[in-house]
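Some notes on the structure that comes next.
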Amino acid sequence: MTVDSALRSPMNYSPSDKDVKALKFIEEMTRNVDFVQKKVIREILSRNSETEYLKRYGLKGFTDRRTFKTKVPVVTYDDLKPEIQRIANGDRSMILSSHPITEFLTSSGTSAGERKLMPTIDEDMDRRQLLYSLLMPVMNLYVPGLDKGKALYFLFVKSESKTPGGLPARPVLTSYYKSEQFKRRPYDPYNVYTSPNEAILCPDSSQSMYSQMLCGLLMRHEVLRLGAVFASGLLRAIGFLQTNWKELANDISTGTLSSRISDPAIKESMSKILTKPDQELADFITSVCCQDKWEGVITKIWPNTKYLDVIVTGAMAQYIPMLEYYSGGLPMACTMYASSESYFGINLKPICKPSEVSYTIMPNMAYFEFLPHEVATEASELVELADVEIGKEYELVITTYAGLNRYRVGDILQVTAFYNSAPQFKFVRRKNVLLSIESDKTDEAELQGAVEKASMLLREQGTRVIEYTSYAETKTIPGHYVIYWELLMKDQTNPPSNEVMAQCCLEMEESLNSVYRQSRVADKSIGPLEIRVVKNGTFEELMDYAISRGASINQYKVPRCVSFTPIMELLDSRVVSTHFSPALPQWSPERRR
Ligand code: AMP
């Protein structure tokens, strides 16, 4: 894809001036990667030269990459925590950034069970906006006519809090949807949403979902693309339709809004959309949904949908089969790769197979370095964006305008190709993530801690958890964590009661990180945790199986998370009892520490 080739597109596509400008920008960025990176680091280091952090490392006003790399260490969030905490507590001195930190973006990555706080400055919003502005011009190269209809996107805000020093702390998308840039975005025929802002901005996720779904149904013929940020969100929307279609059809047939909507702003905006009864549409929705046959439901209800706009790379790949089932195999477009720390890049071929998705990092967003992954040692040299090699895996390290310096993001990327001089990356995985349903990321240490805590409840009875493993069950909506336990009981004839086991489930949930608990409590995007108790000897069988497939007996370790079908089948065939968490764990927007 180049501007030239776009203009000579076989679709006879003649891009608008705006698209030409965006495509030219992409060309310029991808042709001059190293030059732009040099400029970015120079800008960051010169504007932040007086910050406490850079002064500490004796940068003395140097703005070149070599000095920066020799003097400033590569860090993780925990290394920066003291500085972050001071800013959160209200210290306004130039600690990390010369520009005032205006808010914290709460990452779905956690540290000590709480969301990480990522500093951001006012102008970062423009950088994010710039990346968004590139998406449709690229999409228009592949899918014509997207200005002739609307996008049904399920977008949500999440709860936010304030740090002790008074700075807002909220997820990056919540910050974006609440921004003036989003709320007052100028009319753009390529970005017309079925959902009114009022529905997107409603903090009650159930009212928000209901009204967004209702709008989508009312405008079903206009919908040309359908999506949510992540695959899990789109599946939740389908699940919502499955349980609420009668009420939605009733609203359509009567032309009145359900009493479950109490938000005045939504009521006001819906009064302009749901203006009269439409029995024909209500009958249609009923005829599709009442059969309880959900295969291809998306294309039945929204017949003009050209693709699903949804991220299905990384942890979200587990949802591809379900999305294929519901959409009858519509293409799934993964358009961008971003995080709370910084937005990174875009997919220049958005209509490709999920397994072929590669993201092109835009060199103007931040300064990027790459830690070779397979051979990483203390002495490993970090590689420049322009110098990464095809086929190799790297961990992403970034330096941002807001004051993260050589920060390890924790994502492992593999270089697949170059576009001009810009490398393109496949998202391989997030480091240290065992279980993930939605934005939650549970690592091995957290799971271990949760099992240990919960198993204390069995102690009185003399029962111990001798082995465990886990599984992200995503075939149900919402998905949930399944933990397999093998127990050693003092008295085999007296296993722990269902009540005690259910309490163990809840205790595990209480021990998991705040993103997990928020998803359970506020977003309802994760279902109750399940413990499946397996027969004694099951984990030995698991080991026998692994060894029969070539694992070394000396090095065998029990996998703490499983997804391989034969292993799942083995475990499930040995289950003696199943137990679910009976209640919601504790969660509040306030941080615990
Ligand atoms: P957060 O800090 O909560 O915004 O989460 C950002 C993280 O989400 C990234 O560091 C990635 O691990 C993951 N992520 C974001 N975009 C993508 C994508 N397109 N494909 C796979 N994973 C992604």
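The values are calculated or read from the model by the stated rules, or taken from the named source; none is laboratory data. If you're wondering where the values come from, they're calculated on a predicted model, not measured in any experiment. Quick reminder, even Gly has a Cβ in these numbers, built from the backbone with ideal geometry, and neighbours come from all protein chains shown. Areas reflect the complete protein model, heavy atoms only, side chains present, ligands, DNA and RNA absent. Shrake-Rupley method; radii C 1.70, N 1.55, O 1.52, S 1.80 Å.
When restricted to residues that are open to solvent by less than 30 Å² (accessible area, probe 1.4 Å) and within 16 Å of ILE101 (Cβ to Cβ), region 160-178 contains 8. Going residue by residue through region 299-314, is there one that turns out to be open to solvent by less than 30 Å² (accessible area, probe 1.4 Å) and closer than 19 Å to VAL415 by Cβ? So far as region 299-314 goes, yes, one or more of its residues are open to solvent by less than 30 Å² (accessible area, probe 1.4 Å) and closer than 19 Å to VAL415 by Cβ. Tell me which residues, restricted to region 452-476, are over 19 Å from MET568 (Cβ atoms), touching a residue at least 40 places away in the same chain (Cβ under 8 Å) and either touching a Lys or Arg at 6+ places or on another chain (Cβ under 7 Å) or open to solvent by less than 30 Å² (accessible area, probe 1.4 Å) (or both). Within region 452-476, ALA454, SER455, LEU458 meet the criteria. Scanning region 60-87 for residues that are open to solvent by less than 60 Å² (accessible area, probe 1.4 Å) and of a type in the set (S, T, N, Q) yields THR63, THR67, THR76.
When region 259-271 is examined, which residues are found to be touching a residue at least 40 places away in the same chain (Cβ under 8 Å) and either part of a helix (DSSP H, G or I) or more than 31 Å from the chain's Cα centre (by Cα) (or both)? Spell out how you get there, then give the answer.
Step one: list which residues in region 259-271 are touching a residue at least 40 places away in the same chain (Cβ under 8 Å), which gives 260-263, 265-266, 268-270.
Within region 259-271, ALA265, ILE266, GLU268, SER269, MET270 meet the criteria.
Report yes if GLU198 is touching a helix residue (DSSP H, G or I) at 6+ places or on another chain (Cβ under 8 Å), within 16 Å of the ligand (Cβ to nearest atom) and open to solvent by 10 Å² or more (accessible area, probe 1.4 Å), otherwise no. It is false that GLU198 is touching a helix residue (DSSP H, G or I) at 6+ places or on another chain (Cβ under 8 Å), within 16 Å of the ligand (Cβ to nearest atom) and open to solvent by 10 Å² or more (accessible area, probe 1.4 Å).
Among the residues of region 353-365, at least one is more than 15 Å from the ligand (Cβ to nearest atom), in contact with a strand residue (DSSP E or B) (Cβ under 8 Å, 6 or more places away or on another chain) and not hydroxyl-bearing (Ser, Thr, Tyr).
Considering only region 504-520, state which residues are closer than 15 Å to ARG591 by Cα and more than 15 Å from the ligand (Cβ to nearest atom). Result: GLU510, SER511, LEU512, ARG517. Each residue in region 385-421 was checked for being within 16 Å of the ligand (Cβ to nearest atom) and of a type in the set (Asp, Glu), and 3 of them qualify.
Surrounded by fewer than 22 Cβ atoms within 10 Å (Cβ to Cβ) and under 20 Å from the mean Cα position of the chain (by Cα), is that true of GLU114? Considered against the rule, which asks whether it is surrounded by fewer than 22 Cβ atoms within 10 Å (Cβ to Cβ) and under 20 Å from the mean Cα position of the chain (by Cα), GLU114 comes out as yes. Screening VAL223, VAL192, VAL143, VAL157 for residues that are touching a residue at least 60 places away in the same chain (Cβ under 8 Å), of a type in the set (Val, Ile, Thr) and under 27 Å from SER271 (Cβ atoms) leaves exactly one candidate, VAL223. Restricting SER107, SER133 to those that are surrounded by fewer than 19 Cβ atoms within 10 Å (Cβ to Cβ) and among the polar types (S, T, N, Q) reduces the list to SER133. Within region 328-343, being in a loop (DSSP other than H, G, I, E, B) and within 6 Å of the ligand (Cβ to nearest atom) holds for CYS334, SER339, SER340.
Yes/no per residue for (1) in contact with a strand residue (DSSP E or B) (Cβ under 6 Å, 6 or more places away or on another chain); (2) open to solvent by 30 Å² or more (accessible area, probe 1.4 Å); (3) over 24 Å from SER107 (Cβ atoms):
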| residue | (1), (2), (3) |
| --- | --- |
| LYS349 | no, yes, yes |
| TYR367 | yes, no, no |
| GLU384 | no, no, yes |
| GLN414 | yes, yes, no |
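Consider ALA317 carefully, then state whether it is open to solvent by 10 Å² or more (accessible area, probe 1.4 Å), in contact with a Pro (Cβ under 8 Å, 6 or more places away or on another chain), closer than 30 Å to LYS431 by Cα and within 16 Å of the ligand (Cβ to nearest atom). Even if it seems obvious, please write down each step before you answer.
Details: open to solvent by 10 Å² or more (accessible area, probe 1.4 Å): yes; in contact with a Pro (Cβ under 8 Å, 6 or more places away or on another chain): yes; closer than 30 Å to LYS431 by Cα: yes; within 16 Å of the ligand (Cβ to nearest atom): yes.
Yes; evaluated as a whole, the condition is true for this residue.
For region 41-64, the set of residues classified as over 22 Å from ARG92 (Cα atoms) and outside any loop (DSSP other than H, G, I, E, B) consists of ILE41, ARG42, listed by residue number.
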